[in-house]
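Throughout, read-outs are computed from the coordinates displayed, never taken from laboratory work. This one's a predicted model, so the numbers in the text were calculated from it and none came from an experiment. Note that we place each Cβ from the backbone using ideal geometry, even for glycine, and neighbour counts take in every protein chain shown.
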2 protein chains.
Amino acid sequence: MQVGDIYVSAPGKAILHGEHAVVHGKVALAVSLNLRSYLRLEATSTGTVGVNLPNIDTFLHWNLSELKQFAPSVTGGTGQVKLLDPDLLRRLREYVGVANGNLNTSQMATLTFLYLYLSAFGSGARELPSLTVSVWSELPTGAGLGSSAAYTVCLAAALLCASGAISSPLKEWEHTARWCQEELELINSWAFQGEMIIHGNPSGVDNAVGTWGGMLRFLAGKIIPLSRVPLLRILLTNTKVPRSTKVLVSRVKDKINKFPSVMAPVLDSVDAISCTCEKVLSEMTSEPITGEHYNALEELIDINQHHLNVMGVGHPALDTLCRITLTKGLHSKLTGAGGGGCGITLLRPETGSAVVQATVQDLKDCGFDCWETSIGGPGVQQHAPVSVKEEILEVLSRY
Amino acid sequence: MQVGDIYVSAPGKAILHGEHAVVHGKVALAVSLNLRSYLRLEATSTGTVGVNLPNIDTFLHWNLSELKQFAPSVTGGTGQVKLLDPDLLRRLREYVGVANGNLNTSQMATLTFLYLYLSAFGSGARELPSLTVSVWSELPTGAGLGSSAAYTVCLAAALLCASGAISSPLKEWEHTARWCQEELELINSWAFQGEMIIHGNPSGVDNAVGTWGGMLRFLAGKIIPLSRVPLLRILLTNTKVPRSTKVLVSRVKDKINKFPSVMAPVLDSVDAISCTCEKVLSEMTSEPITGEHYNALEELIDINQHHLNVMGVGHPALDTLCRITLTKGLHSKLTGAGGGGCGITLLRPETGSAVVQATVQDLKDCGFDCWETSIGGPGVQQHAPVSVKEEILEVLSRY
């Protein structure tokens, strides 16, 4: 079986409001982060399947004759799936030599690729296709920005597309195209399988953001994509202070147990911040955007950052981020687990590039990584090569 | 009529928790601040009444023959009072030449002195006594630390004592002594009259703290002295950033109106902080004090400081205070109106004097005033001269 070349991309994720509070039954808002992962799927005639992940130094290929052994075990077809095939997973772990113990990033990415490849192509009577998948991501890995989900969403979209399970939505004259709702559901459910392989028990938020883009409301395990949100310019800063999400989550829990009457209202306030923010963003799509909208978004960011400090998930590096950006009139909060990690800074439409550049420089001078990007952009897309940045095309064609 | 020499002192006030929230019906905790005002009442035979207030450059005296004109109008006697005598007040304003317009600090202090002096001595058939009152305060004026109440409490105690309306509790062998509950009630009600002259519509918290000392719970206009509280070492820092309480109170109100669902829980959390703090302090008097008690007090201070920032009453100078003290492992919050003004820093029992001195120096290097003092100490006291610091005795005897 031979397939054509396919280019797809999927965005990362940031938590706009509600991190930690969501663990305690409050609303969180997850938004797409326009730092994207790009995938090229290339049909080959080498009789091999290859995967190139230059971000994590992973370049592997397998002979189709060897992979054939796994094909018959897959019986589910390419419909929506909720559960992993434990037998296939176990046999693949043995095959790639990681039967026991914790997998590193490269091993998890490899296992996920092989699992999804075999699930997409191994179910029918057809032969496995010879192809090479290359992925390059603008996202830092392990920073809580959904880089694994962007990877699995890209994989799901490209492999399902190549297998014919979903259409190839790109018309000849288009630069980018998106799938219909039903096909996005399929992509999302497949990407979620990949997330399960990588994270064990993922919330499903990251792959949903990667698939639908825009903004999602997340409450008590339910994920609701919001119809229309404005695109917001932001700075995304990685303090590079390492942290453990698990430790931070349990720190918040301890504080709630220690001061229940003090902390419960703080979680209620965070919940109200998410709801108020959602309302402001929805107003911004239905009426002319004013400075007042941005003032409200900034105030909500400041309040939530204080609340996150109250929960005990702040960090001096994040205080520095807030202080530096505030000297430029810009408002920041941590995003995700906190205790270091990443922060977002809202840029206003009128914020000039001189201010942005000076702020980025000041943050880099602190040893932070910093990107000017946006939130609320589109989810997974198919690209014509012409719509992919030159340097990314170059990386994807190198292997 | 001739009276003996009397030395009294009364403490200042700090808000430990609940500033601003108290305006919206939540609990606040007011504590005595062991920066005190000291008063010496000296019997003279000059046929004059004098008042010396070196802190505010006020040195005045009046002939008894002139003051006699005001005596008959006072009919209330020296019982508990709730209302000012508007006629006496109007005539005194005319007499000291401030019939109209706003009074400055010196004029308000003078008017209050004359009013309380005439109320204490003018009601009977007795002659007005010849005496000089000198007051020296360790408190900065106009910094929200209850300096006016410390003054009026001292005045009330000394004048009521000199008039015989209350006893002179000091025994010959004692250094300091306090009045009984009933006499304290009288002192407090008279001091409140002085506060009404100075502030127009005072809450009554400041004079209550000056009278009873320790800690008071203040809720919906009701003031409840708490029986036993530990003495806590603190730093009191005056950032000297000027602010308007009125502007700050209305800023909080605006924020509540703008984001009601976000802000209401914050006020609830502040309320819970006051109640939790009260509980911790009460435990500290009934069980052995541990590091855990101090950890809890520190965490509550940090949380409330964040909440006050959320209310919009923070200030960069207060952030600096918090940051500097935190580098020494000490926790601070603003006290009172915020927007500048004063902050308190909790010292732990084990905090060494080297750390304290270094912290004080760092804060002074920022241009702040800083005192090492305590909260929770006694209210108004009568002193034997030997129990008054040498330098204060010297100031009080200079005039």
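Observations, loosely collected:
- Taking packing as the residue-averaged number of other Cβ atoms within 10 angstrom, the listed peptides B:41-52, A:203-214 run from highest to lowest as A:203-214, B:41-52.
- Volume of the convex hull of the range B:250-399 (Cα atoms only), normalised per residue: 176 Å³.
- HN-Hα J in Hz across the range A:336-350 - Karplus 6.51, -1.76, 1.60, θ = phi - 60°, x for Gly and Pro: x, 6, x, x, x, x, 10, x, 10, 10, 6, 9, 8, x, 8
- Scalar couplings 3J(HN,Hα) for the range B:186-200, obtained by applying the Karplus form with A = 6.51, B = -1.76, C = 1.60 to θ = phi - 60°, are 5, 4, 4, 5, 6, 4, 4, 4, x, 4, 5, 5, 7, 10, x Hz; x denotes Gly and Pro.
- If the segment from residue A:366 to residue A:172 were pulled out straight at 0.36 nm per residue, it would be longer than the present Cα-Cα gap by 65.2 nm.
- Label geometry 7 Å along the beta-carbon vector: residue A:164 inter-copy distances in nm: 11.6
- Histogram of C-alpha separations across chain A, 20 Å bin width, %: 28, 55, 17, 0
- Cβ-based net charge around residue A:377, under 15 Å, with every Lys or Arg adding one and every Asp or Glu removing one: +4
- The Cβ shell under 15 Å around residue B:333 holds other residues with a net charge of -4, Lys and Arg each +1, Asp and Glu each -1.
- At 7 Å out from Cα toward Cβ: residue A:240 inter-copy label distances (nm, ascending): 4.1
- Amide proton proximity set for residue B:17, modelled H, under 5 Å, gap of 5+: B:29
- Prolate/oblate/rounded label for the range B:214-272 (Cα gyration tensor, a/c 1.5): oblate
- Neighbour-count ranking [beta-carbon atoms within 10 angstrom, fewest first] of A:277, B:342: A:277, B:342
- Normalised contact order of chain A, rounded percent, pairs of Cα under 8 Å and 6 or more residues apart: 26 percent
- In this structure the amide hydrogen of residue A:351, modeled in the peptide plane, comes within under 5 Å of no amide hydrogen from residues 5 or more places off or on another chain.
- Charge tally around residue B:278: other residues with Cβ under 12 Å, Lys/Arg +1 each, Asp/Glu -1 each, net +1.
- Amide hydrogen neighbours beyond the local backbone of residue A:335, cut-off 5 Å, H modeled: A:342, A:343, A:344
- Test item: Cα-centred dipole of chain A, Lys/Arg +1 and Asp/Glu -1 on Cβ, debye: 880 debye
- Integer Hz, Karplus 6.51/-1.76/1.60 couplings in order for the range B:242-259, x for Gly and Pro: x, 8, 10, 4, 4, 4, 5, 4, 6, 5, 5, 4, 4, 5, 5, 5, 6, 10
- When the listed pairs B:255/B:333; B:253/B:279; B:279/B:328; A:364/B:26; A:171/A:364; A:246/B:333 are checked against a 32 Å cut-off, the alpha-carbon distance exceeds it for A:364/B:26; A:171/A:364.
- Measuring between their Cα centroids, the range B:240-277 and the range A:143-195 lie 47 Å from each other.
- Relative contact order (percent, whole number), the range B:57-216, Cα cutoff 8 Å, 6+ residue spacing: 26 percent
- The mean number of partner chain beta-carbon atoms within 10 angstrom of a residue's beta-carbon across peptide B:253-261 is 3.
- Over the range B:310-399, the hull volume per residue, using the convex hull of the C-alpha atoms, is 168 Å³.
- Number of partner chain Cβ atoms within 10 Å, mean per residue of A:271-281: 2
- Ascending list, in nanometres, of distances separating the residue A:98 label from those of the other copies (7 Å, Cα toward Cβ): 8.0
- Other protein chain C-beta atoms within 10 Å of residue C-beta, averaged over B:218-226: 0.
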